[in-house]
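Engineer: Let me begin by handing over the structure; questions about it come next.
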There are 2 protein chains.
Amino acid sequence: MPYVLSLSGGLDSCTLLGNLLRQCDANEILCVSFKYGSKHNQYENEAAQKIAKYYGVNFIEIDITPIMTCFKSDLLLSGGEIPEGHYQADNMKSTVVPCRNMIFASILAGIAESSGASTVALGVNCGDHAIYPDCRASFIYSMNKTTQEATDKKVKIIAPFLLDTKETIVHFGMKIRSPYHLTRTCYKNQEIACGKCGSCIERLEAFAQNNAVDPIEYEKEVVR
Amino acid sequence: MPYVLSLSGGLDSCTLLGNLLRQCDANEILCVSFKYGSKHNQYENEAAQKIAKYYGVNFIEIDITPIMTCFKSDLLLSGGEIPEGHYQADNMKSTVVPCRNMIFASILAGIAESSGASTVALGVNCGDHAIYPDCRASFIYSMNKTTQEATDKKVKIIAPFLLDTKETIVHFGMKIRSPYHLTRTCYKNQEIACGKCGSCIERLEAFAQNNAVDPIEYEKEVVR
């Protein structure tokens, strides 16, 4: 089992899974989704499960909601409304879940060591870094070093899209026929994507920049 | 709230709590215990709760047992027998829970950021490092850097006993009248300490080196 992959159900980790499968067999990847109490959690985990099934890879869901009872973020069910507007905007900062990626990566590293996997793969990319400190390249490099310390170099962390934009990822994903129709991006607590939150807007832009049509359904007519 | 302290119920974190209380008030410390499915978990969490009550500090218990279903370790209820003998011995390696400290520290950092605490305090010390990679100084330094990256320098990790031995910690703890009668160290799934596992042996040695009597009860007559 070379890889443990954090599969969120979004574009990035879906593309990463397709990319890893060009290098190894389906039974060599364990995909993990986290149940952590975000408003869109149910929908993204369902998406992750569908993507894992599509590719025939191992899949587990881990419930860490008891941890999150102490956390404050509008992304969580316990928080306020999901803001609308562009991702870069200051108001999207309220959706940061403190240290979420660090917590995910630590757990994935422990699962990797327990299951004999050498590598934790994350879909973190350049588009994430502005408001999420634990998505920046400097965090990932540091987290990789820390993970190697924690595991006596048995486990490392990779983030192959770290310096890529969402546009580039979608460009690459379309080439390898990523099943984007199965993915989920919207932050809101509703089945159909809203098309208005920062997460939806960024996704739609990435498809538009590729002169492509986003294959998922949106709540209202959106420019795509 | 300056401090979030990982309070295991053992000697080290009990001593650290007493030490922090020389620098700040009881309401400035949040103590966190983890329920993670180890054989001695129930007993050590009860001890932690008693210690927190003794000092009048805030206390929460966080359940992360769903994470541990994927982990292999004899320390866990799902694992084999707890080995007996000296801590340094190879057989105690089976009690390592992969990345446990890294997972704990990541969660504590998230709680710290959410509650406005600037510092996560860990009782990690020199006696731990031999078989636990994520208790070594090199790990703690790296984890501190990673945590600062993940929180935009809002949270740091300290481990004031990092270079101290268990003997030194007990020496210091006796000076500040740490309530060692409330602590729990034994790894076994039984209320009364066994006196034979690596954890008990190390504890007994630390008291003996200080010409002191360990105030807790042991299953059988032990040299102390």
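The values are calculated or read from the model by the stated rules, or taken from the named source; none is laboratory data. Small disclaimer: the values here were computed from a predicted structure and weren't measured. Methodologically, a virtual Cβ is constructed for each residue, glycine included, from the backbone with ideal geometry; neighbour enumeration extends over all protein chains shown.
Engineer: Restricted to region B:105-122, and to residues that are in a loop (DSSP other than H, G, I, E, B) and surrounded by fewer than 24 Cβ atoms within 10 Å (Cβ to Cβ), which residue is farthest from the other protein chains (Cβ to nearest Cβ)?
Structural biologist: Selected residue: B:Ser118.
Engineer: Please find, among A:Lys188, A:Lys220, the residue that is over 16 Å from the mean Cα position of the chain (by Cα) and basic (Lys, Arg).
Structural biologist: A:Lys220 is the lone residue from the list that is over 16 Å from the mean Cα position of the chain (by Cα) and basic (Lys, Arg).
Engineer: Considering only residues of region A:42-63 that are outside any helix (DSSP H, G or I) and surrounded by fewer than 21 Cβ atoms within 10 Å (Cβ to Cβ), which is farthest from the other protein chains (Cβ to nearest Cβ)?
Structural biologist: Narrowing region A:42-63 to residues outside any helix (DSSP H, G or I): A:56-63.
Add one more test, that the residue is surrounded by fewer than 21 Cβ atoms within 10 Å (Cβ to Cβ), and what stays is A:56, A:58-63.
Working: A:Gly56: 20, A:Asn58: 11, A:Phe59: 12, A:Ile60: 7, A:Glu61: 9, A:Ile62: 6, A:Asp63: 4 Å.
Only one residue fits best here, namely A:Gly56.
Engineer: Can I ask one more? Consider region A:48-86. How many of its residues are closer than 13 Å to A:Tyr187 by Cβ, of a type in the set (A, V, I, L, M) and in contact with a Gly (Cβ under 7 Å, 6 or more places away or on another chain)?
Structural biologist: Summing the residues that are closer than 13 Å to A:Tyr187 by Cβ, of a type in the set (A, V, I, L, M) and in contact with a Gly (Cβ under 7 Å, 6 or more places away or on another chain) in region A:48-86 gives 2.
Engineer: Among residues belonging to region B:186-212 that are modelled with pLDDT of 95 or more and in a loop (DSSP other than H, G, I, E, B), point out the one that is nearest to B:Glu46 (Cα to Cα).
Structural biologist: The residue in question is B:Ala212.
Engineer: Just to be sure, is A:Met102 in a helix (DSSP H, G or I), at pLDDT 95 or above and under 18 Å from the mean Cα position of the chain (by Cα)?
Structural biologist: yes
Engineer: With respect to B:Gln148, determine if the residue is among the polar types (S, T, N, Q) and within 29 Å of A:Pro133 (Cα to Cα).
Structural biologist: Criteria met by B:Gln148.
Engineer: Being in a helix (DSSP H, G or I), without any contact (Cβ under 8 Å) to a residue 60 or more places away in the chain and of a type outside the set (Asp, Glu) is true for just one of A:Lys72, A:Lys145. Which residue is that? Spell out the reasoning first.
Structural biologist: On the way: A:Lys72 fails: in a helix (DSSP H, G or I).
Matching residue, one of A:Lys72, A:Lys145: A:Lys145.
Engineer: Test each condition in (1) of a type in the set (Gly, Ala, Ser); (2) assigned to a helix (DSSP H, G or I); (3) surrounded by 17 or more Cβ atoms within 10 Å (Cβ to Cβ) for B:Gly9 and report the one that comes out false.
Structural biologist: So the condition that B:Gly9 fails would be (2).
Engineer: Also, quick follow-up: Can you tell me which residue within region A:18-77, out of those that are β-branched (Val, Ile, Thr) and within 20 Å of A:Val120 (Cα to Cα), is nearest to the chain's Cα centre (by Cα)?
Structural biologist: A:Val32
Engineer: Which numbered condition in (1) free of Cβ contacts under 8 Å to residues at least 12 places away in the same chain; (2) on the phi < 0 side of the Ramachandran plot; (3) out of contact with any strand residue (DSSP E or B) (no Cβ under 8 Å at 6 or more places or on another chain) is the only one that A:Thr151 fails?
Structural biologist: (1)
Engineer: Just one of (1) farther than 21 Å from B:Glu46 by Cβ; (2) crowded, with 18+ Cβ neighbours inside 10 Å trips up B:Lys154, so point out which.
Structural biologist: So the condition that B:Lys154 fails would be (2).
Engineer: On to the next question. Just a yes or no: is a residue in region A:122-139 in contact with a Lys or Arg (Cβ under 8 Å, 6 or more places away or on another chain), of a type in the set (S, T, N, Q), within 21 Å of A:Met102 (Cα to Cα) and at pLDDT below 95?
Structural biologist: Yes, that holds for at least one residue.
Engineer: Still on this structure, I have one more. Out of region B:123-142, which residues are among the hydrophobic types (A, V, I, L, M, F, W, C) and either more than 8 Å from chain A (Cβ to nearest Cβ) or without any contact (Cβ under 8 Å) to a residue 12 or more places away in the chain (or both)?
Structural biologist: Looking only at region B:123-142, we keep the residues that are among the hydrophobic types (A, V, I, L, M, F, W, C), and these are B:124, B:126, B:130-131, B:135, B:137, B:139-140.
Within region B:123-142, B:Val124, B:Cys126, B:Ala130, B:Ile131, B:Cys135, B:Ala137, B:Ile140 qualify.
Engineer: Just one of (1) buried (at least 16 other Cβ atoms within 10 Å of the Cβ); (2) farther than 24 Å from B:Phe161 by Cα trips up B:Leu77, so point out which.
Structural biologist: B:Leu77 satisfies every listed condition except (1).
Engineer: Hey, can you tell me all the residues within region A:154-172 that are among the charged types (D, E, K, R) and touching a residue at least 60 places away in the same chain (Cβ under 8 Å)?
Structural biologist: Hit for region A:154-172 is A:Lys166, nothing else.
Engineer: So A:Lys93 fits all but one of (1) facing chain B (nearest Cβ under 9 Å); (2) basic (Lys, Arg); (3) not in a loop (DSSP other than H, G, I, E, B); what number is the exception?
Structural biologist: Failing condition for A:Lys93: (1).
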